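Undergrad: Just dropping this structure here.
What follows is calculated from the coordinates using simple rules that are stated; it is not laboratory data. Every value quoted in this text rests on a predicted model; they were computed, and no experiment measured them. Cβ coordinates were reconstructed from backbone atoms using ideal geometry, including for glycine residues, and neighbour counts include every protein chain displayed.
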Amino acid sequence: MEHPGYPLPREDLKDFLQSLSKITDLSMTFIPAGSDIQDMIIGESSFCLQLKTSIEGARRCKASIDELRERAARSGMPEFDLCHARMAEMVIPLVSREGTDFGTVVTGQAVIQGLSDEHKKHIRDIGSETVPGAIDRLVAAAADNPVFKRSRLEAMGSFIQQQLLEKVTSYGALEDTTEYLFQKYEELMFLYAITESLSPDSGHQRALSVILDKGVQKLNAEFGLFMMLKAESEDSIELLDACGELPWPEKGVPTPLLLEMISGCHGPSLILGPGFRDIEVAPNTGDLLVVPFRLRNSREGFLVFGWKKKGMIGDGELRFALALSRQAASVLHAMQLYQELADLLFATLGALSSAVDAKDPYTHGHSRRVAEYAVKAARNMEFSSKFITMLKIAGQLHDFGKIGVREYILSKQGRLNESEKKAMREHPVIGAQILGKFKSFADIVPGIRHHHEHYDGTGYPAGLKEEGIPMVGRIIAVADAYDAMTTNRPYRVKLEHHEALVELKENAGSQFDPMVVDAFISAVGRSIHE
Ligand SMILES: [Fe+2]
């Protein structure tokens with residue numbers, strides 16, 4: 001990691017100063033802001049090093065630089081002076097227009113207007129402080145130092161200041177952009193994670209909980225609320241979800257008071273602690289962040305986050321909460337659309353299966369009931385919500401192929417003869433063939449085709465057995481048989497609920513999957529008794 005005092009990566013700074021040293025023959029020292037240690041010394045001359053070999057020389061050198069640094073800090077401009085050896089030294093402050101102090105550059109070791117005899121004498125005088133015998137080398141080194149006019153040196157100071165400040169501030173801007181992009185990336189990944197964790201059939205409530213939970217986590221808030229103005233009136237509010245450590249007793253969220261506070265918020269708003277305390281809504285709460293959003297049907301909602309501590313909300317938090325509220329609005333909107341589509345789909349399926357049921361007056365409502373029983377059993381077996389939706393549709397449409405069976409066979413009083421039985425037994429294949437033409441039914445077609453298979457392989461149309469029969473088919477087979485047994489048919493009177501269950505149990509392992517029968521009895525048996 002870079003030293004926190006370096007406004008640029010250390011290597012960049014070093015390269016830049018070294019280049020300047022080579023061109024000018026001057027020493028260049030960078031001192032980070034807030035530091036009195038000369039952290040970087042580049043191009044230091046043998047002259048200055050020799051001066052500093054004595055403690056007194058080092059002390060005087062440091063004292064003169066410190067004094068110049070103070071002057072530069074006050075003026076904001078490069079400050080020039082002669083050091084105790086009468087060599088030119090200059091301190092160049094790096095302070096941005098906004099007032100950020102990045103540190104200073106110290107240049108040294110130039111001789112102003114040439115080395116006079118009088119200057120040589122002065123160096124000999126202070127040379128007595130250095131190691132004995134080094135005075136001649138010191139004077140010779142001073143004679144090798146570059147000669148400058150003061151005005152030229154000062155112009156160079158301004159140039160270095162301008163170049164370095166430009167470098168430093170553009171690097172700062174780059175860092176800010178990188179930081180911004182990184183935050184944006186994190187935000188997007190977070191929102192993506194929310195979207196990923198929502199499946200279309202998980203429902204509104206789940207969507208709200210996920211958004212709220214993740215929001216509270218990410219913002220380090222104590223609690224979160226999801227509120228919507230009631231559709232029928234603008235002056236009452238509904239709490240849809242809450243999470244975290246609420247400052248109110250459970251179920252005691254003061255919605256009317258909250259409505260009063262947040263109804264005036266037309267953009268993301270911060271309600272700071274004291275105001276909040278004044279109305280005695282939640283004495284233990286610090287700041288509240290309210291983010292209103294509007295659904296496409298114009299219903300208005302509010303995401304509310306609360307903190308016990310104050311000052312937890314900065315620009316990043318505000319920006320994030322705003323993005324979250326947009327996400328909430330679009331997820332809710334998508335959920336609404338999905339619900340409308342799902343309702344439409346099930347209404348259409350209901351109409352289709354009713355058309356089939358209507359051909360057979362004795363099986364009125366059969367498809368709907370089979371779907372319901374199948375779903376109960378599947379829930380008991382803990383299948384995913386996706387599987388259950390698929391099963392519900394398959395249950396509703398399992399006998400759809402009967403549309404291709406002659407009406408007289410379907411409504412025949414009494415037992416069917418062999419050819420009639422054969423025609424009747426074609427309905428699973430007919431159903432699969434018709435529905436197979438629709439891409440969206442691809443997942444349910446195998447279950448429909450095989451809902452009359454037997455677990456021991458003696459069923460139809462393919463004689464599949466055990467796990468070879470699609471699970472949807474195995475579940476529908478049990479639900480279908482139960483409903484057939486418990487409704488009156490032309491050729492027999494219905495069985496009682498418990499008799500039908502006994503029948504299922506007796507045929508578990510031969511006609512039915514025993515695991516499905518167990519789940520069915522435990523789910524449907526219980527719910528009917530209740
Ligand atoms: Fe059937």
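Undergrad: Would you kindly give the portion of the calculated P(r) for region 366-451 that falls above 20 Å, as a percent of all Cα pairs?
TA: 40
Undergrad: Placing one identical point scatterer on every Cα of region 10-177 and ignoring solvent, what is log10 I(q)/I(0) from the Debye formula at q = 0.10, 0.20 Å⁻¹?
TA: With one equal scatterer per Cα and no solvent, log10 I(q)/I(0) is -0.37, -1.34.
Undergrad: Through the Karplus equation 6.51 cos²θ - 1.76 cosθ + 1.60, θ set to phi - 60°, convert the phi angles of region 108-117 into ³J(HN,Hα) values in whole Hz; use x for Gly and Pro.
TA: Running phi through 6.51 cos²θ - 1.76 cosθ + 1.60 with θ = phi - 60° gives x, 6, 7, 9, 8, 6, x, 8, 7, 4 Hz.
Undergrad: Report the Cα-based extents of region 358-524 along its three principal axes, largest first, to the nearest Å.
TA: Principal axes ranked by extent give 41, 40, 28 Å for the Cα atoms.
Undergrad: Now for a different question. Can you put 241, 456 in order of Cβ neighbours within 10 angstrom, beginning with the fewest?
TA: 456, 241
Undergrad: Using +1 at the C-beta of Lys and Arg and -1 at the C-beta of Asp and Glu, which of 73, 27, 162 has the Cα lying farthest in the positive direction of the dipole of region 10-177?
TA: Most positive-ward Cα: 27.
Undergrad: What ranking, highest mean first, results for peptides 75-81, 516-522 when packing means the other Cβ atoms within 10 Å averaged over each residue?
TA: Result, highest mean first: 516-522, 75-81.
Undergrad: Listed here are the pairs 167/218; 386/412; 386/422; 421/465; 422/494; 214/392; which of them are more than 29 Å apart at the Cα?
TA: 167/218; 386/412; 386/422; 214/392
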